[in-house]
Amino acid sequence: MNDTTSPTPANPTQTSWRDAWRVYLEPASWRMLFLGFSAGLPLLLVLGTLSFRLREAGIDRSTIGFLSWVGLVYGFKWMWAPLVDRLPLPLLTKLLGRRRSWLMFAQCLVIAGLIGMGWCDPQLNLESVVWFALLVAFGSATQDIALDAFRIESADTQHQAALAATYQTGYRLAMIWAGAGVLWVAARASVVPVAPAHAVASVYQHLAWQTAYWVMAASMSVGLLTVLFSSEPLAIELPPARNAKEWLQSALVEPFADFIRRYQWQAVIILLLIAIYRISDVVMGIMANPFYVDMGYTKDEVAAVSKVFGVIMTLVGAFIGGVLSMRLGVMRILMLGAVLSAATNLLFAWLAGVGHDVTALIWVVSADNLASGIASAAFIAYLSGLTNVNYSATQYALFSSMMLLAPKWLAGFSGVYVDAHGYAAFFNSTALLGVPVLLLVWLAARQSKA
């Protein structure tokens, strides 16, 4: 289990290279691969992929940017995390256990929301699409809460980097399936030849997108089956609450008070780092798919590049990030990931000047996925090391909510910025957003050595 007293969650270990790689063959790592797939599938379907679909349907960029605020649901999941952490679900908790029951419930919400998003046509009823997207986001955020607790409670601190790497691999594979795969399915389901790229509104085919979203809903069965065939992690004994006041104290107040007690003034630097570590990627990502549409890339081109080169580089990045974190320490790889994440945004600015060039797209997407895999594996390991297993769901939800709140809010204005200044200026600006991250990683690393 995690060391809940040390303020240095990311110290280098003495694990051999052979043992560091062998950990990926353990059953817990495979479970995290499949559960990571279930966690990663909904995200793009309410953000990046949805923005591609809406742009093809003729929705303007500013509206698309503001609709990305659906993702703010992830930034507030700490509000109901204490319920997921402590509250049993009728019947399900007795059958499956505390963590697995919430996982299955959340996955069912995601499936229902995806079916609804596929059913509704944004050209005719955009509001209904948004409501179903909110349902998907809520179910997805709830799944994240339960899954993060499940992962943290399934292994000790030494193995968290490896579990984070396999989780991220599954997560990124799902994002590719929900990004490239959904475009491929929609293209195959189209019943008429695709019109030129400039005729955005005329090429939209609702039935093709309906098929694609329903295929994504069916793909959530990967998570459902994994939950059914997994074992519940060893339950942490919780002191009984004598009344409602004590329950609220233990469920709502104590998880946050515990973190402040353990890290004291260092908590400020840690929370600031968590709040903006992924800001470059998150803000840039909202406009990536509208960028592809406006640059004239077809669904098949985007799908093929992401599916082949993106998969390879994501796998390489996630596993490299996990192994290097175990060997060299999380803080060093956290810094490397921050540098790479900001730098790869500059490649998108370069691509904006190149124009429609599939070869250039391959190089840019590959570099971006490699950097994202490395950064994500290290960041998840870092967050996992900060948590106390007695409050794992609530504390991790707080951290991962903070990770998304500011970036998602800022990303809502991305369409307005692109309309005013163009894609190249936008991508350059998102790279500059990563500069303060480097300073915060350096300060956090100094604290961990103190």
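Computed from the coordinates by the stated procedures, all read-outs in this text should not be read as laboratory data. Note that the structure is predicted; figures quoted are calculated from it, not measured. Counting neighbours? That spans all protein chains shown, and the Cβs are built from the backbone with ideal geometry, glycine included.
How would 276, 145 line up from fewest to most surrounding beta-carbon atoms within 10 angstrom?
In increasing order of surrounding Cβ atoms, one gets 276, 145.
Return 316, 416, 182 ranked ascending by Cβ neighbour count within 10 Å, so the fewest neighbours appear first.
On the way: 316 16, 416 13, 182 28.
Listed from fewest to most nearby Cβ atoms, that is 416, 316, 182.
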Too long for a 27 Å Cα-Cα cut-off, among 245/408; 94/245; 77/299, are 245/408; 77/299
Can you run phi through the Karplus equation (6.51, -1.76, 1.60; θ = phi - 60°) for the stretch 315-329 and list ³J(HN,Hα) in whole Hz, with x for Gly and Pro?
4, 4, x, 5, 6, 4, x, x, 5, 5, 5, 5, 7, 10, x
Find how much the distance from residue 420 to residue 69 grows on full extension, using 0.36 nm per residue of separation minus their present alpha carbon separation; answer in nm with one decimal.
124.4 nm
